1. Can you tell me which residues in region 155-172 are under 12 Å from P27 (Cβ atoms) and either surrounded by 12 or more Cβ atoms within 10 Å (Cβ to Cβ) or of a type in the set (D, E) (or both)?
2. Just to check your reading of the model, which residue among V64, V86, V71 is in contact with a strand residue (DSSP E or B) (Cβ under 7 Å, 6 or more places away or on another chain), surrounded by 17 or more Cβ atoms within 10 Å (Cβ to Cβ) and among the β-branched types (V, I, T)?
3. Where residues in region 89-106 are within 26 Å of S134 (Cα to Cα) and surrounded by 16 or more Cβ atoms within 10 Å (Cβ to Cβ), which of them is modelled with the lowest pLDDT?
4. Restricting to region 58-109, name every residue that is on the phi > 0 side of the Ramachandran plot and either of a type in the set (S, T, Y) or outside any loop (DSSP other than H, G, I, E, B) (or both).
5. Are there any pairs with C-beta distances below 9 angstrom linking a residue in region 88-112 that is within 25 Å of E4 (Cα to Cα) to a residue that is acidic (D, E) and part of a helix (DSSP H, G or I), with the two at least 6 apart or on different chains, and if so which?
6. Sort out which residues of region 123-152 are farther than 20 Å from T172 by Cβ and surrounded by 16 or more Cβ atoms within 10 Å (Cβ to Cβ), and write them in order of number.
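The values are calculated or read from the model by the stated rules, or taken from the named source; none is laboratory data. Nothing here was measured: the structure is a model prediction, and the numbers come from that model. Cβ placement follows ideal geometry from the backbone for every residue including glycine, while neighbour counts extend to all protein chains displayed.
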Amino acid sequence: MPVEDAQRWNQRYSQDARFHTYTQPRPFLLENADYLPESGLALDVAMGLGGNAALLIKRGMRVVGVDISIVALQQAKARLPGLMAVQADLTQYRLPDASVDVILNFYYLQRSLWGDYHRWLRPGGLLYIETLTSPMREIQPHLGPIYLLEPGELAEAFSDWETLVYQEGWQTSRSGHPRAVASLVARWSG
């Protein structure tokens with residue numbers, strides 16, 4: 001596991017009050033919660049403090065939350081005793097084929113996982129992704145392209161899935177800052 005990444009995120013979750021808002025579900029997930037099943041197993045990729053996981057658990061799902069930060073996992077587990085919290089480097093993480101009903105991937109971009117998502121989801125399973133796009137460099141030029149989607153990239157990457165919701169453009173973050181994002185809810189037909 002990349003020690004530097006774990007240390008950086010542990011420090012952020014320990015000391016930065018901005019991250020405490022991540023105990024709440026993301027607006028895109030809330031807006032599209034009607035697609036979620038009321039039971040089954042979900043994977044929350046780069047879960048952080050478990051805001052999205054909390055919504056799924058409340059709906060009756062079992063949730064595996066994976067993150068590199070032990071601090072985030074401990075805080076999430078303290079609030080959500082039923083959460084299956086896993087500390088892992090997502091570049092090395094694997095699940096059995098057809099083992100989950102829902103995958104959540106919010107603000108973590110690892111393109112190499114995209115091929116795994118269709119294997120990990122059961123037929124009819126749902127994928128929720130939302131992350132930053134390259135226009136973010138207009139206001140945050142330090143962001144590297146490896147962390148940003150190109151326009152239309154997300155839609156193209158999942159074009160063989162059933163797209164339930166797709167949106168791309170500027171929105172306002174929870175903290176009131178502009179943010180360029182792409183958001184997708186898609187069903188894997190298997």
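1. Within region 155-172, the subset under 12 Å from P27 (Cβ atoms) is 167, 171-172.
The answer is Q167, Q171.
2. Details: V86 fails: surrounded by 17 or more Cβ atoms within 10 Å (Cβ to Cβ); V71 fails: in contact with a strand residue (DSSP E or B) (Cβ under 7 Å, 6 or more places away or on another chain).
Answer to the check: V64.
3. Only one residue tops the list, namely L90.
4. Residues of region 58-109 on the phi > 0 side of the Ramachandran plot: 60, 98, 107.
Within region 58-109, just Y107 meets the criteria.
5. Short answer, once both residue conditions are applied: D89/D5; Y93/D116; R94/D116; L95/D116; R111/E153.
6. Of everything in region 123-152, those that are farther than 20 Å from T172 by Cβ and surrounded by 16 or more Cβ atoms within 10 Å (Cβ to Cβ) turn out to be G125, L126, L127.
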